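Input: a single structure, listed below in C-alpha cells.
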C-alpha cells in the first residue's frame, strides 16, 4: 500500500516525501548537536526495486549522510546528553503531535490522467460495490484509493493497476501470490495476522474498453519508513524495535514455512501499521471535507501503544519451489547473492530483515547503494563493495562467474570489491547502533550478534526466520533504558532539528 495501504513493490509513490529525506542526529563529545548531521539532505525519489527486465532511467545517486566506516563515536556518557542540555524545549513544541503521526492525502481535485494509463476516478464514483472516497497514492504501476464497501460500510483500499502499452498486467503476479496466501489461511486455519489481508478482486473498464485489474485490501495505517522519516517518532525504544522485529519474523515464518512464498522486496515502505476501524471511519463521515493529512494516529513512543505490524506488497513475490535467478529487491536491502544472479531463496528476505532492523535502530541505511535502476553493474559494484568492506571477503567459489554481466564477474575475479573495513564488523555495528539509538550497551550487543548471524555472506549460513526468533535479543528485557518522557523530549529535538521550518512543507506534521 502507499502510505496507509499496501504499495506496489515496484512502484514509485510520488505523494510521499517527493523531494528528499533527512539524516539522523549525531552528538559530539561535548553532548551538543552536530548541526551538519541534522541537515535535510536530498535523497532519490526512487526507492523502488529493480528487476532484470526493467529499463528505467537512472536517478541521482543517493548522498550518504555518513560513512559507515568513518564515524566519530561519542563517549558513552555523552550519548543523548542533549536531553539534559540547557537549551529548553518550549511547552508548545513538547506538545506538538507527540502522540500521533498524520499522513498526507491528495486533494480531491488532483486526479490521475487516464492518458498515463491510470484509471481516471473521482470521489463518489462506484466501482463494483465500492464507493470511491480519496486517492491515497499513485505510482509507476498502480494507484491506490480509499473506498467504502457499500455492502457493510467498512473501509477498504483499492489497488488499481496502470495499463501498460504492452498490454501486460501490472498486478497479475501480486494477485497470484495474494490468492495463494489467502488459501493457506482458509485451509489451515492460520491467522496470518502479520500479513496485509487480501479481500477481493475485480476488473473495471477504462479508456478504449481496456480492463484494469483491481485488488482489494484491508485499510492499514502508515508504513514504517513514513513514520521514521516524516514524524517526531524517529528514535524508537528497545522494546518497540524488539516488538516490530518479533512481528516481522512471525510474518516471515508464516510466508516461508506455511505459504512457501518469498516476499522479494521487504523494506520499511512495505511494512504497515494496522489502522483501527474508528480511524478509517473519520474519512467516511465527511468525504467532502478538505483533509490535508489523514487520521491514522500512531504513538510508537508510548509504552501503552500496542501496534500490529503487517507485511504488504507482494508485487515481486514468488513461490519458493518455482524461483529463478533474477534481480529483485530494492538495492539498499538486496542480498549480495541476488546481485550476482545466484539462486533466490528465503535467505534474501532474511538479509532484508537484518538491514531493516539496523535502519529502525539508527535511521540509517546499513549498506548505501547508488540506487540506479537499470544501471545494474554500477549498483552491484557500489553495493557489494560496501557489504564486503564490512563483512569481509566472501568465498569466491560462491560468486565466481554467477552474474550475467561480464563486468561484474571481472570485478569479482579482480578482488577490487573486497576492500576491508576500518573496524571489524562487530565493533562497527555496536558503535554505530549505540551512538544512534536509545538502547543500552547490553541491548546493542545482543542486536549486533543477531545481525551478524543474519548478515552472513553465505545464504545457507544465514539464520532462518524461525531460528532468528529464538535469539536472546527477543527474550531480553531492558531495565535501565531512557524513560518515555526523555525519549519524547529527544524525539522532539530531533524532529525540530531535521524538519524544514516552512510550515507548508510536506515533511511537517500538522500541529492542530
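Read-outs throughout are calculated quantities, based only on the coordinates presented, and are distinct from any laboratory measurement. Remember, predicted model here, so these are calculated numbers, not experimental data. Note that we place each Cβ from the backbone using ideal geometry, even for glycine, and neighbour counts take in every protein chain shown.
Label separation (residue 449 vs residue 211): 5.6 nm, computed from points 7 Å beyond Cα along the C-beta direction.
For the pair the range 317-395 / the range 425-489, the C-alpha centres are spaced 20 Å from each other.
Multiply the residue gap between residue 441 and residue 378 by 0.36 nm, knock off their C-alpha separation, and tell me the result in nm, one decimal place. All intermediate terms of the calculation are to be shown ahead of the outcome.
On the way: separation 63, 0.36 × 63 = 22.68 nm, distance 3.69 nm.
This chain segment gains 19.0 nm when fully extended.
Viscosity 1.567 mPa s, temperature 4 °C: Stokes-Einstein D of the range 114-220 from its Kirkwood Cα radius, in µm² per second? Rounded to a whole number, D works out at 90 µm²/s. Fully extending the segment from residue 204 to residue 460, taken as 0.36 nm per residue of separation minus the present Cα-Cα distance, adds 87.7 nm.
Here the spin labels are modelled as points 7 Å beyond Cα on the Cα-Cβ line, and at residue 385 and residue 186 they lie 5.2 nm apart. What distance in nm separates the simple spin-label points at residue 427 and residue 480, each placed 7 Å from Cα in the Cβ direction? Between residue 427 and residue 480, the simple spin-label model gives 2.5 nm.
When each of the peptides 122-132, 376-386 is scored by how many other beta carbons lie within 10 Å of its residues on average, the order from highest to lowest is 376-386, 122-132. Summary of packing: across the peptides 142-148, 221-227, the per-residue average of other C-beta atoms within 10 Å ranks them, highest first, as 142-148, 221-227. Backbone N atoms of the range 156-190 closer than 18 Å to the 7 Å Cα→Cβ label point of residue 257 belong to residues 181, 184-190.
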